[in-house]
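In what follows, a structure is listed as structure tokens, so that the remarks can point back to it.
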Amino acid sequence: MTFVCALIVIAKEPVPGRVKTRLSPPFTAAAAAELAQAAIADTLAATLAAVPRGRRKGIIVRPVLALDGNTGPWLHDALQVPLRLPTIPQRAGGLDVRLAGAFQDATRATGADCALLIGMDTPQVTAGLLVDAMQELASPACDCVLGYADDGGFWALGLPRPDPSLLLGVPMSTSGTGRQQEARLLDAGLTVSLLRRLRDVDTAADADQVAAEVPRSRFAAALQRLRRVSVGCP
């Protein structure tokens, strides 16, 4: 049986001063935006690689970029392949509203059976991790999947249907966000399968650790270059 899954990447346009602000200092706002663009590039590479990998597992993967901001040359540079990635705008409001809206809009746009949403903060994510998550989501024994982040949030959430009540009102960007999101899913009577825990890139220390995990990534290369040229960076 073929299973269709929307794979949503929720991201901000990498504009200096609007993204990765906790990287400044030690990095400048422009350098933080460069790191954000590199993180998006690695995340999109894993997302696009999940398409053929998922097909081999009987999953039709339909990638969607839920973007806060504008597309442009930066996105073409990030994709690094001649492919038009379907893009939807994020809704206005808090992060819970934007996540709930992304699930609704992406599912409607792709006609998918379910959706897996990831952020732009985990450039170490792989196509294998994403396809494994979608396989789990397709299992009759699982209703939804949740990937905790080391900071207490979550890096991935997979839902069988775009139900805003599963997200709206969950406090976001706190050390307890992941636990509260899982509690909301369980309270709705859903079976939750937990994914591998990953580290979000929020601080310079996070950036160093993630780059060490994926030394051949675009993110690691950007970090190494910026460390060399940034005056005063450790």
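Just so it is clear, none of the values below were taken in a lab; they were calculated from the coordinates. Please read all numbers here as calculations on a predicted model, not as lab measurements. Glycine also receives a Cβ, built like all others from the backbone with ideal geometry; neighbour counts cover every protein chain displayed.
Points to keep in mind about this one:
- Cα gyration tensor, region 76-168 - rounded (a/c under 1.5), prolate or oblate: rounded
- Size of electric dipole in region 1-141: Cβ of Lys, Arg +1 and of Asp, Glu -1, about Cα centre, debye, nearest 20: 200 debye
- Shape call, region 46-97: gyration tensor on alpha carbons, a/c limit 1.5: oblate
- In degrees, nearest ten, helix 127-138 long axis to first principal axis of the chain (Cα): 20 degrees
- Using C-alpha pairs under 8 Å with a sequence gap of at least 6, the mean separation divided by the residue count of region 138-204 gives a relative contact order of 44 percent.
- Each of the peptides 107-117, 168-178, 151-161 was scored by the mean count of other Cβ atoms within 10 Å over its residues; in descending order, highest first, they stand as 151-161, 107-117, 168-178.
- The helix-only estimate of mean residue ellipticity at 222 nm for the chain, built from DSSP H runs of length n ≥ 4 each weighted as -39500 (n - 2.57), is -13000 deg cm²/dmol after division by the residue total.
- The mean sequence distance of close C-alpha pairs (under 8 Å, at least 6 residues apart), as a share of the length of the chain, puts its relative contact order at 23 percent.
- Viscosity 1.002 mPa s, 20 °C: Kirkwood-radius Stokes-Einstein D of region 134-234 over Cα pairs, µm²/s: 138 µm²/s
- One compactness figure for the chain is 0.97, namely its Cα radius of gyration divided by 2.2 N^0.38 Å.
- Computed from Cα positions, the angle between helix 95-110 and the longest principal axis of the chain comes to roughly 60 degrees.
- Nearest 10 degrees, 0 to 90: helix 204-213 Cα axis against the chain principal axis: 70 degrees
- Span from the region 1-57 Cα centroid across to the region 195-225 one, whole angstrom: 12 Å
- DSSP-defined beta bridges in the chain - what % are antiparallel, rounded to 5: 25 percent
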